[in-house]
Structures are given as structure tokens and as C-alpha cells.
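The values are calculated or read from the model by the stated rules, or taken from the named source; none is laboratory data. Everything numeric in this text was worked out from a predicted model, so none of it was measured. Cβ coordinates were reconstructed from backbone atoms using ideal geometry, including for glycine residues, and neighbour counts include every protein chain displayed. Please note that ligands, DNA and RNA were not included when accessible areas were found on the heavy atoms of the full protein model with its side chains. Shrake-Rupley method; radii C 1.70, N 1.55, O 1.52, S 1.80 Å.
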Amino acid sequence: MRLVGWVAGAAAAVLVAAGAITYAVAEDGGTSASTPGAESADAGFARDMAVHHQQAVEMSYIVRDRTKNEEVRRLAYDIAQTQANQRGMLLGWLDLWGLPKVSAHPPMTWMGMGDMPAGKDGALMPGMATNTELKKLQGLSGKQAEVFFLQLMTDHHKGGIHMAEGCVAKCTVGVEKKLAQGMVDAQQSEIQLMADMLKERGAQARS
């Protein structure tokens, strides 16, 4: 429970800082000389992570309706609020830069992974759940829903961390790199928390 409280505090800090970060990006990337291009890592990360985050928000709200366990519900709420806020920031930066929110190129192209096999059944990027898995989650309840959610979200976080680390290495806008590193740190902490929660339920991560 203390760990969940810590995660909640971290999420609140992210929300408080969001406005300042958005303005900083406008300042950091607001001139023609420094505004990222449509094919840049900065734009690619913003587009792809917005899609990745949207599914995490969806899964979090599904499990909140499928369990009465306060620890899982609180974690799901924290993830949903944090990632919905970050998604808004990512899309807002694309607006500030005057760049499209979609690309004709495959996901992860900016990371040099555009030639990976096309995502199947809705799993467009590494770590994302399939449509079949989301449907299964909607049909579970109680402990079964909790375990499956924690397993899906652990996979989701691992994929998100990989992408965020790519931005840390390749993005050029300073505050975007900082946000990406913050995602890495927060999601690694949540993975450990979810491992403990799975162990308490006699289960473990899928991979």
C-alpha cells in the first residue's frame, strides 16, 4: 500500500508539472531553426507514445470496473490519469510544432524498427495488448481480472520503456527527452510494484 501511495504521489507531481513542461516545449521547439521535422524522432515518439498510452488508459478503466480491490483500482486510476495527461502533452506538442498526428510510415520507424512485422489483432507496437486480450479482460472479474490486468500492463510498460529509452537516445527537444526519462523511471517502479502485486495473488508476469 505504501508503494501504491508513492506511485500516486509521483503521478500527482507529473500532473502538476504538465503545464510547465508544455510551455517549455513551446519555448524549446518554437523557432523554425529548432522545431522538429515530421520524420524526426521527436515527432515519431510523440505520435507513437500517444497511441501506446491510449491503450493503457483503456485497460486501466476496464479493470476499475471489473474489481473492487482498492489497491488495483488505485493503481489503475494513477496509470490512467498520468498517461492520459502525458498523451495530451504529446499531441499538444505536435500541434505546437505544426506536425501531423499520424504518419504514413509504420510505427517505430523513427527508432529504426519500421520493418518489424505489422502488429496483429490491434497490437500495433511492442507491449500492446491484442483486441482479443482486451475482450478477455472485459469478461473477467475479481482476482482473475486483477491478475490479467497486471500481466498485460507489465508487458505494456516494458514496451513503453523501450520506446521512451529510444527518445532519450534520439530526441533533440530537451524537455521531451526529460519527459521520456521520467516515463522510464516511473514505469520501471510500477513494474516492480505490479510484480509484488502479482506475487501476492500467486501469479507472475508473462515474460
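The set of residues in the stretch 65-91 being open to solvent by 20 Å² or more (accessible area, probe 1.4 Å) and among the acidic types (Asp, Glu) consists of Asp65, Glu70, Glu71.
Here Asp115 fulfils each of the conditions (1) acidic (Asp, Glu); (2) at pLDDT below 95; (3) outside any loop (DSSP other than H, G, I, E, B) apart from (3). Name the single residue, out of those in the stretch 115-135 being in contact (Cβ under 8 Å) with a residue 60 or more places away in the chain and over 18 Å from Leu150 (Cα atoms), that is farthest from the chain's Cα centre (by Cα). Out of the qualifying residues, it is Leu124.
Can you name the residue in the stretch 143-194 that is charged (D, E, K, R) and open to solvent by less than 30 Å² (accessible area, probe 1.4 Å) and, of all such residues, is farthest from Glu71 (Cα to Cα)? The qualifying residue farthest from Glu71 (Cα to Cα) is Glu176. Restricted to the stretch 128-181, and to residues that are of a type in the set (Val, Ile, Thr) and in a helix (DSSP H, G or I), which residue is nearest to Leu91 (Cα to Cα)? Once the filter is applied, the top-ranked residue is Val175.
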